[in-house]
1. Out of all the residues in the range 317-376, which are within 17 Å of Asp290 (Cβ to Cβ) and β-branched (Val, Ile, Thr)?
2. Answer yes if at least one residue in the range 204-213 is in contact with a Pro (Cβ under 6 Å, 6 or more places away or on another chain), surrounded by fewer than 21 Cβ atoms within 10 Å (Cβ to Cβ) and either at pLDDT 90 or above or closer than 26 Å to Val66 by Cα (or both), and no otherwise.
3. From the list Ile390, Ile377, which residue is assigned to a strand (DSSP E or B) and among the hydrophobic types (A, V, I, L, M, F, W, C)?
4. Name the one entry in Leu329, Leu374 that is crowded, with 18+ Cβ neighbours inside 10 Å and in contact with a strand residue (DSSP E or B) (Cβ under 7 Å, 6 or more places away or on another chain).
5. With the checklist (1) under 27 Å from Val39 (Cβ atoms); (2) under 14 Å from the mean Cα position of the chain (by Cα) in hand, flag the one item Asn139 doesn't pass.
6. Where the second residue is assigned to a loop (DSSP other than H, G, I, E, B) and at pLDDT 90 or above and the first is of a type in the set (Phe, Trp, Tyr) and lies in the range 274-291, which pairs have Cβ atoms under 9 Å and are six or more apart or on separate chains?
7. From the residues in the range 122-144 that are surrounded by 21 or more Cβ atoms within 10 Å (Cβ to Cβ) and among the β-branched types (Val, Ile, Thr), which one is modelled with the highest pLDDT?
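The values are calculated or read from the model by the stated rules, or taken from the named source; none is laboratory data. This one's a predicted model, so the numbers in the text were calculated from it and none came from an experiment. Because the Cβ atoms are built from the backbone with ideal geometry, glycine has one as well, and the counts that use them run over all protein chains shown.
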Amino acid sequence: MTPTLSIGKMTALLMFLAINFQSCVKDTVSKTYTMYKPVYKTTAEVRANIKNDAALPVSNPGKMFVLSNYIFLNEIDKGIHVIDNSNPANPVNKYFIAIPGNIDLAVTGTTLYADLYTDLVTLDISNPSLVQVKKITENVFPNRLYSGGFVANNTKIITDWTKKDTTVTEDVNMTTNGNFLVDASVFAVARPGSSANKAAVGISGSMARFTLLDNYLYTVTENALNVFNISHPQNPVFSNKINLPFGIETIYPFKSNLFIGSQTGMLIYGTANPAQPVQAGSFTHARVCDPVIADDNYAYVTLSSGSRCAGFINQLDVVNIQNLQSPKLVKSYPLTNPHGLSKDGNTLFICDGAAGLKVFDAADQNNIKLLQTLDGIDAYDVIAFNGIAIVSAKDGLYEYNYTDRSKVQQISRISFNK
């Protein structure tokens with residue numbers, strides 16, 4: 001039975017709309033609204049459908065991971081695109097793995113880890129054309145909610161939303177939002193139902209919240225670091241949860257350390273005991289979003305303004321981390337609206353939002369020089385290695401050849417279906 005709004009909730013909703021979207025109508029009029037209604041499947045149905053299907057167009061891309069000749073690209077809240085990148089000049093969108101609620105992933109050897117709302121899904125990808133579920137670890141991300149934070153039935157899982165235009169007649173002096181309606185069922189607040197050999201480790205983008213280090217998978221939520229022992233990769237064992245300050249954004253591994261980006265700074269955790277990471281140091285800045293990467297002596301942090309982070313700074317901070325207990329700011333460089341970044345040798349790539357992909361010479365941290373701006377794209381995240389930079393942008397997945405740093409050239413693009 002579909003829940004309905006109580007009188008009190010309906011009154012509160014109407015008051016909210018009246019305050020925030022006032023548009024008084026002085027006569028009886030007809031208006032057309034767009035209504036969104038959730039599509040549900042049972043937990044069993046969702047799990048049975050986690051397999052490789054035919055490729056789907058990319059519409060709402062998120063995080064990405066690269067391993068060998070494959071790019072694994074998240075479709076936010078829907079699943080993972082598997083892209084054959086054997087020829088970077090002609091990447092082929094091969095398969096789609098349907099995982100509702102998926103926003104993060106990590107890949108090592110023949111194993112892929114992904115979140116399904118509150119659960120961790122472990123997949124065998126040894127044959128990319130025949131993906132198999134090996135394990136589902138339930139309720140390891142208990143704070144995950146559906147998009148919008150609402151769900152009507154906590155015994156089922158939202159897998160999609162249907163969209164329908166609806167025309168209604170409004171009485172005199174009715175106040176409306178003039179834009180959209182949401183099916184009443186989504187206003188019942190609830191969470192979704194619970195609904196050791198060395199291997200090649202994939203490369204994550206700097207926006208990642210999952211990462212791999214030795215025989216451990218580390219994942220971050222807004223206020224915690226979760227630790228999974230993956231000595232047997234297809235049988236991950238949850239081993240520890242470490243509380244962190246609220247506002248955690250990203251995680252990046254380098255050697256034996258984890259660099260954790262937050263809305264207020266960079267945290268450094270050592271993994272001398274990999275099951276029990278311990279904070280080694282931190283670097284604090286103003287409240288802004290904060291992806292971070294690192295090399296032997298320096299960390300590179302992009303700070304960007306945005307509604308989620310409520311900050312006004314857009315810049316690159318270069319931080320000396322030779323003394324992990326006391327990181328020191330070396331220099332800041334102004335940018336437009338930076339997000340993901342990647343570094344290969346002395347070549348630094350920064351996704352500067354609508355200002356494009358920027359390529360820098362970072363040989364001298366006190367004098368980082370802009371080599372080239374690749375404009376015309378709204379860049380989000382980048383993975384650079386072996387002369388190829390893979391860039392996720394608003395309108396497509398781009399690949400660039402940077403063997404000649406002074407003349408970085410686009411070699412391919414998979415367009416997104418917006």
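1. Across the range 317-376, the qualifying residues are Val318, Val319, Ile321, Val330, Thr336, Ile350.
2. Looking for residues that are in contact with a Pro (Cβ under 6 Å, 6 or more places away or on another chain), surrounded by fewer than 21 Cβ atoms within 10 Å (Cβ to Cβ) and either at pLDDT 90 or above or closer than 26 Å to Val66 by Cα (or both), one finds at least one in the range 204-213, hence yes.
3. Ile390
4. Unique residue meeting the criteria: Leu374.
5. Result: Asn139 fails condition (2) only.
6. Filtered contacts from the range 274-291: Phe283/Ile321; Phe283/Pro327.
7. Top of the filtered list is Thr122.
A quick yes/no check of all residues on (1) at pLDDT 50 or above; (2) out of contact with any strand residue (DSSP E or B) (no Cβ under 8 Å at 6 or more places or on another chain):
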residue: Ala18; (1), (2): no, no
residue: Ser23; (1), (2): no, no
residue: Val39; (1), (2): yes, no
residue: Thr43; (1), (2): yes, no
residue: Ala48; (1), (2): yes, yes
residue: Phe72; (1), (2): yes, no
